[in-house]
1. Near Lys199, which lysines are there with a Cα under 30 Å away, not counting those fewer than 8 places off in the same chain?
2. So what's the projected area for segment 62-141, the Cα convex hull averaged over all directions, in nm²?
3. Using only C-alpha atoms and all pairs of different ones, pull out the Kirkwood radius for segment 169-259 in Å with one decimal.
4. Determine ³J(HN,Hα), in whole Hz, for all residues of segment 170-179 in sequence, where each value follows from phi through the Karplus function 6.51 cos²θ - 1.76 cosθ + 1.60 and θ = phi - 60°; x replaces Gly and Pro.
5. So who's got an amide H within less than 5 Å of the one on Ala53, skipping anything under 5 residues away but keeping other chains? H placed 1.01 Å off N, in plane.
6. Could you tell me the calculated FRET efficiency between Val330 and Val214, based on Cβ-Cβ distance and R0 = 30 angstrom, to the nearest 0.05?
7. Using modelled amide H (1.01 Å from N, peptide plane; none on Pro or chain starts), what sits under 5 Å from the amide H of Glu68, excluding residues fewer than 5 places away?
8. Test of the criteria: in segment 188-267, which chymotrypsin sites (Phe, Trp or Tyr not before Pro) are in a DSSP loop and have at most 11 other Cβ atoms within 10 angstrom of their Cβ?
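The numbers here are math on the coordinates, done by the rules we state, and not lab data. Just so you know, these numbers come straight off a predicted model, no measurement behind them. Backbone-built Cβ (ideal geometry, glycine too); neighbour counts: all protein chains shown.
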Amino acid sequence: MTANGASALGPAVPEDVAFAREVPPGEPILQVRDLIKHFPLTRGVVFKKQVGAVKAVDGVSFDLVQGETLGIVGESGCGKSTLAKVLMNLEPATGGSVRYKGEEISRLSGAGLKAVRRNIQMVFQDPYTSLNPRMTVGDIIGEPYEIHSEVAPKGDRRKAVQDLLDVVGLNPEYINRYPHQFSGGQRQRIGIARGLALKPEVIICDEPVSALDVSVQAQVINLLEQLQGEFNLSYMFIAHDLSIVRHISDRVGVMYLGRLVEIGSDLEIYDHATHPYTQALLSAVPVPDPTARESRDRIVLTGDVPSPANPPSGCRFRTRCWKAQERCTVEVPLLAAPVWLEGLARHDSACHFAAERDIEQSAAERDIEHGAAERETGPSAAGPGTGRSEDGGGPTPPAPETG
């Protein structure tokens, strides 16, 4: 690691005028409003006719503040990765607005898009397929300089690449090696170095540790946190591992079937969740303490995730929710802070009946309840096989996926 982390990325260079202004502390650097991405479903070979659409992202809104990490979690297929691609303009948005430093970027092209992509970079999920096996590490990390030559003049590129390798904890002498000569964790460090090459302000991390061993995941997460502190980076961190997201994130958004259903600080989401889907996800997180594991009530959902090509009317979670009522069928819940809640529970939640639920109970409380149930109805009444939530739901089907 160099003595001065900022100098490792080379001298500062002029930015595009439209994106040169400094963002005051606490203000959003990235603003997303009602973002939509639909993939058309067509029929026919010669004369194609659209017969529907897969609503991968459907009305997502959030702010990313300068220097913070926003975690995005949800089941597989909920639209997390599609959201990342739309923000990078790798997929064109169907509708909505994406503003970077107050400037609309969702419909940019040419020089404007080039300027934005220099400031918003991405770290991809799979370190094995995101690196070209025919290119050396020096070519992979230095390739962005071919497009943005103003960042590193041709004669300085080798030194710039070696500095980046040093920043991410790799030996600068590895510059002439190929990807197959590295482990998975080292490959992901190369991907991170490539993302840092253009001195971005925002990095979108699309499940950057999901393909790595657990022992390596911690190293990569710690590296990302260290780099954020050195270069004042803003992260959008996409993952399905709730524990990792809690460790690295300042705020967390929960996605379900193309929409954000709850968003708030890590403390609000993990300790004061109010949306039933968030509560179900948290109840499925493994607990290492056997006593705590036995004492908590699991929420287990019924049914499968509906198709994004034909989502339910009203609340999209209603087909699996134990709180669902007639109102949920006809009225789409707004992502807003419920007025009937107070304290940390009062944060944005898209549920008509948002309320806190204690996911864990103390062992003493559990023993008291268990003893009372045995005295009233016999030993089997409160046993672990009842599979009922504290809200009085029916028998518990399989647990929801979090990946």
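1. Partners within reach: Lys37, Lys80, Lys85, Lys101, Lys114, Lys154, Lys159.
2. Values: hull surface 28.8 nm².
Quarter of the Cα hull surface area: 7.2 nm².
3. Numbers: mean 1/r = 0.0699 Å⁻¹.
So the Kirkwood estimate lands at 14.3 Å.
4. Each residue of segment 170-179 in turn: 10, 5, x, 6, 7, 4, 9, 7, 9, x Hz.
5. Those lying under 5 Å, H to H, from Ala53 are Leu41.
6. Working: r = 45 Å, r/R0 = 1.50.
Between Val330 and Val214 the formula returns 0.10.
7. Answer set, sorted by chain and number: Tyr235.
8. Working: sites: Phe231, Tyr235, Phe237, Tyr256; in loops: none.
Answer in residue order: no site qualifies.
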